[in-house]
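Structure record follows, encoded as structure tokens.
The values are calculated or read from the model by the stated rules, or taken from the named source; none is laboratory data. As the structure is a prediction and not an experimental result, all values here were calculated from the model. Here Cβ is always computed from backbone atoms with ideal geometry, including for glycine, and neighbour counts include all displayed protein chains. Surface areas here come from the heavy atoms of the whole protein model, side chains and all, with no ligands, DNA or RNA. Shrake-Rupley method; radii C 1.70, N 1.55, O 1.52, S 1.80 Å.
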Amino acid sequence: MNGIEPFHVMALLARAKTLEAQGRSIIHMEIGEPDFPTPRPVCEAGIRALQQGNLFYTPALGLPALREAVAGYYRSRYGVDVPARRIAITAGSSAALMLALSAIVDPGAQVLVSDPGYPANRHFVRLLNGEPVNVPVGPDSNYQMTSALVEHHWSERTVAALVATPSNPTGTVMVRDDLERIATFVRSQGGLLLVDEIYHGLVYEGETRTALEQRDDLFVINSFSKYFNMTGWRLGWIVAPEPYVSAIEKLAQNVYLSPPTTAQYAALAAFAPETLAILDQRRDELRLRRDYLVPALRKVGFEIPQAPQGAFYVYAGCGRFTADSFAFARDLLEHAGVAVTPGVDFGSHRASEHVRFAYTNPIDRLQEAVSRIERFVAGA
Ligand SMILES: Cc1ncc(COP(=O)(O)O)c(C=O)c1O
């Protein structure tokens, strides 16, 4: 357990709640979930499932109709044929990541993860008695792994590399050729590539392409949480290489028996055209927020070498104001009422010089946040 860290931002969130209870106005830019409610057609499908009382366990890999619906989504949105039998519905992509890693990590095996990156991955590897290898990434590679970095960090004990595109915390998207080069190298070493596509659908420049378009010998992880605005329903999915499906099934049976049933019935409405129309409108709203926030933060003095291309995060250098981004986040909350996530939550590479802003607030709140931050750093 000593190798597993909590999400440090939770301490700031608890403090933010205390301040709010005392009547202080707090602008929340620390939480990694959309501020939009679940689209109505999805809620209505969930209500219908509750009313019909069809709430027994489903198969461990999920409702066959939902696996088919996900396969249909790959066809209609990406033009890619993914057989439903390779799709496992999971309890959030958190469980998807845990199951996929469990299927491939033996004790002592190494998995490459990017630093900064989503922290749970390295903790999952650790929990499996594997060894997460942090690969430092920065602006020179758009905060993404490259095949050169993967080759440099690969060892005889490495079994997999895990990438996320768009990434949390940086919102950057990996270019297609880089992904293909990494996949080819990993394969040549007899390893596996896991691609976390949980922020797909929230990309503001260019087309979103899934790694499945290029090959089928990799794991793709996705979720209903972010683009589909269903964080609390706890539903995600894995597309596994065919030989791993039975391992995933066995693990899902043992770990949670079945993904949440009500959520699965609700999610059947997630791919309906009327739902997708709502979601795409919200994505456009997120783009407007990003287009406001990035230049506004730069003007205040944060370093943002590249504008993030997706997700709803800005990973910003705060080196001009502090050498300790955790203390900076704490003081910003106390004195300015703006909650952000310190870099330490995403790894150790230059973590103390960075904070993450989530633009999960309407633009007028973001404007208010920027004015508060401006006043705070002027007095800092
Ligand atoms: C990159 C990434 N992967 C996975 C997850 C897990 O999300 P969920 O379990 O809600 O699907 C998150 C959550 O923030 C994330 O940012």
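Here F224, F228 are screened, and the one residue that is in contact with a helix residue (DSSP H, G or I) (Cβ under 6 Å, 6 or more places away or on another chain), within 13 Å of the ligand (Cβ to nearest atom) and farther than 30 Å from A148 by Cβ is F224. Taken over the stretch 190-200, the criterion of being hydrophobic (A, V, I, L, M, F, W, C) and outside any loop (DSSP other than H, G, I, E, B) is satisfied by L192, L193, L194, V195.
How do the helices (runs of 4 or more DSSP H) wholly within the stretch 201-307 filter down when requiring 2 or more residues that are in contact with a Phe, Trp or Tyr (Cβ under 8 Å, 6 or more places away or on another chain) and open to solvent by 30 Å² or more (accessible area, probe 1.4 Å): which remain?
Answer list for the stretch 201-307: 273-300.
Scanning the stretch 9-35 for residues that are part of a loop (DSSP other than H, G, I, E, B) and charged (D, E, K, R), we see that the one that is least open to solvent (accessible area, probe 1.4 Å) is E30. You will find that of V186, V135, the residue that is hydrophobic (A, V, I, L, M, F, W, C), farther than 28 Å from F7 by Cβ and crowded, with 22+ Cβ neighbours inside 10 Å is V186 and no other. Filter the stretch 310-363 for residues that are among the small types (G, A, S), assigned to a loop (DSSP other than H, G, I, E, B) and within 21 Å of the chain's Cα centre (by Cα) and give the result. If the condition is that a residue be among the small types (G, A, S), assigned to a loop (DSSP other than H, G, I, E, B) and within 21 Å of the chain's Cα centre (by Cα), then A311, G347, S348 are the ones that fit. Checked against (1) within 16 Å of the ligand (Cβ to nearest atom); (2) modelled with pLDDT of 95 or more; (3) surrounded by fewer than 19 Cβ atoms within 10 Å (Cβ to Cβ), T38 passes all but a single condition, namely (3). For the stretch 85-189, the strands (runs of 3 or more DSSP E) that sit wholly inside it and include 3 or more residues that are more than 16 Å from the ligand (Cβ to nearest atom) are 131-136.
Of the residues L218, L235, which is within 11 Å of the ligand (Cβ to nearest atom) and not acidic (D, E)? Can you show your working first?
On the way: L218 fails: within 11 Å of the ligand (Cβ to nearest atom).
From the options L218, L235, the qualifying one is L235.
Scanning the stretch 36-80 for residues that are farther than 30 Å from E213 by Cα and part of a loop (DSSP other than H, G, I, E, B) gives P37, G53, N54, L55, F56, Y57. Among the residues of this structure, V70 counts as one that is in contact (Cβ under 8 Å) with a residue 24 or more places away in the chain and in contact with a strand residue (DSSP E or B) (Cβ under 6 Å, 6 or more places away or on another chain). Given the condition within 30 Å of I89 (Cβ to Cβ) and in contact with a strand residue (DSSP E or B) (Cβ under 7 Å, 6 or more places away or on another chain), answer yes or no: does some residue in the stretch 52-59 qualify? The answer is no; no qualifying residue exists.
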